[in-house]
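Below is a structure I'd like to ask you about.
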């Protein structure tokens, strides 16, 4: 059996390596091709500049050079990301049976100061102990939501003193918290789901933290939540968040204890005499914010203590939303933030659900196309709810819509898969999902967003440049 497993592993690794080499060759061929074509076009441009009768040709040639370079650059970026995904899939296979210490050492060695451990104040303190044991420098960050238990705050201080480290705390935006509390009160999540509060207090601060990193380390385990974490690998290209370089695929996510049982984590903590949160002695296992966490009863799963008033099959706050597959979402009837779905389209759970995001029908977007003297500019995302890149930008897009609420800029969505795809390709410049269009005031043609960076700041810069 061991030799068979090794043969399978070797086959997978060889296949991934071959794919990587082939794609690397493709990237090289693309670069060579564009240089040759660009050289040819530039020669034509130089000749035409010297001949006054051919000035128009020179402009066209220069434009063609720029267009070709942009197309090739986009294709090369896409191929590079495919190579990166394949490389980390290969790494995940290599490390499948590795110990958490080996995985931690590999992660810290590869990324140095550009990787950090996400620490929640619960049993994921094991990650800090593993990092200490490697002997390598390491960084730790945590999200201070403003709603944690007093015991958790005291525990943070104890961990800092025990390991002689400074935890890098990330805080929610005070203005956003103030607006949420003034509008909906301190406990609105008991009535309309936890996703809005988590988005303000956890997801957005995490997004800011990760934008300064190339990789992060989490304490996710497969046995924590069979409904959402059963298939997490030990390392992956993060499906939901962006890193330092921006764009999908720019952040690597390491899960060193993915294959470890919870009881074994606790055996490790006791053996190494690691300090633990005093809440664990009171029946708490999974620890989050005070209003949303409670002790579990004997026989209950650890995640039953989190958001206990909601569906038990999708206990995610949005930090690890990429864990939830489309099939699991449909079975659970929940959206990407773990709340019960209130809206589905053709049997598929919808995304970008917010009162600030206008949902356009086919007649609605056709009318928007026909308007040549719009009174308000529109930003529209063409999406498919099953697309992981669309799912990854959901938080940013909803946040952007909230920022523009009442400003005169309309933020909308149009589901462009299925029967609507040919129309979207022909009339709306749809190339791949998601495609983002800006409809300026008093202009007939929408402008396509050219970048793969879909964070709030990048989208704001795009809109500000055009309005």
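The values are calculated or read from the model by the stated rules, or taken from the named source; none is laboratory data. The shown structure was predicted, so the numbers you read here are calculated from the model rather than taken from an experiment. Here the Cβ positions follow ideal geometry from the backbone for every residue, glycine too, while neighbour counts run over all protein chains shown.
For region 125-145, give me each residue that is more than 21 Å from the chain's Cα centre (by Cα) and either outside any loop (DSSP other than H, G, I, E, B) or in contact (Cβ under 8 Å) with a residue 60 or more places away in the chain (or both).
Residues satisfying the conditions are 125, 126, 127, 128, 129, 130, 131, 132, 133, 134.
Residues that are touching a residue at least 40 places away in the same chain (Cβ under 8 Å), at least 2 per element: which helices (runs of 4 or more DSSP H) completely within region 161-217 meet that?
189-192, 195-198, 204-210
Considering 442, 454, 374, which residue is farther than 18 Å from residue 350 by Cα, out of contact with any helix residue (DSSP H, G or I) (no Cβ under 9 Å at 6 or more places or on another chain) and not assigned by TED's automatic domain parsing to the domain that holds residue 180?
442
Evaluate the following for residue 116: is it at pLDDT 95 or above and outside any helix (DSSP H, G or I)?
yes
Let me ask another. With the condition kept exactly as written, say whether any residue in region 264-271 is in a loop (DSSP other than H, G, I, E, B), buried (at least 18 other Cβ atoms within 10 Å of the Cβ) and modelled with pLDDT under 95.
Among the residues of region 264-271, not one is in a loop (DSSP other than H, G, I, E, B), buried (at least 18 other Cβ atoms within 10 Å of the Cβ) and modelled with pLDDT under 95, which makes the answer no.
Determine whether residue 85 is surrounded by 15 or more Cβ atoms within 10 Å (Cβ to Cβ), modelled with pLDDT under 90, in contact with a strand residue (DSSP E or B) (Cβ under 8 Å, 6 or more places away or on another chain) and under 30 Å from residue 265 (Cβ atoms).
yes
Of (1) touching a strand residue (DSSP E or B) at 6+ places or on another chain (Cβ under 9 Å); (2) crowded, with 19+ Cβ neighbours inside 10 Å, residue 168 satisfies all except one. Which?
Of (1) touching a strand residue (DSSP E or B) at 6+ places or on another chain (Cβ under 9 Å); (2) crowded, with 19+ Cβ neighbours inside 10 Å, only one is false for residue 168: (2).
Residue check: is residue 394 under 24 Å from residue 202 (Cβ atoms) and more than 17 Å from the chain's Cα centre (by Cα)? First the steps, then the outcome.
On the way: under 24 Å from residue 202 (Cβ atoms): yes; more than 17 Å from the chain's Cα centre (by Cα): no.
No: the conditions fail for residue 394.
Consider residue 154 against the criteria (1) assigned to a helix (DSSP H, G or I); (2) touching a strand residue (DSSP E or B) at 6+ places or on another chain (Cβ under 9 Å): it satisfies all of them except one. Which criterion is unmet?
All conditions are met except number (2).
Just to check your reading of the model, which residue among 195, 220, 224, 236 is crowded, with 18+ Cβ neighbours inside 10 Å, within 24 Å of residue 296 (Cα to Cα) and in contact with a helix residue (DSSP H, G or I) (Cβ under 7 Å, 6 or more places away or on another chain)?
On the way: 195 fails: in contact with a helix residue (DSSP H, G or I) (Cβ under 7 Å, 6 or more places away or on another chain); 220 fails: in contact with a helix residue (DSSP H, G or I) (Cβ under 7 Å, 6 or more places away or on another chain); 236 fails: within 24 Å of residue 296 (Cα to Cα).
Going through 195, 220, 224, 236 in turn, the sole match is 224.
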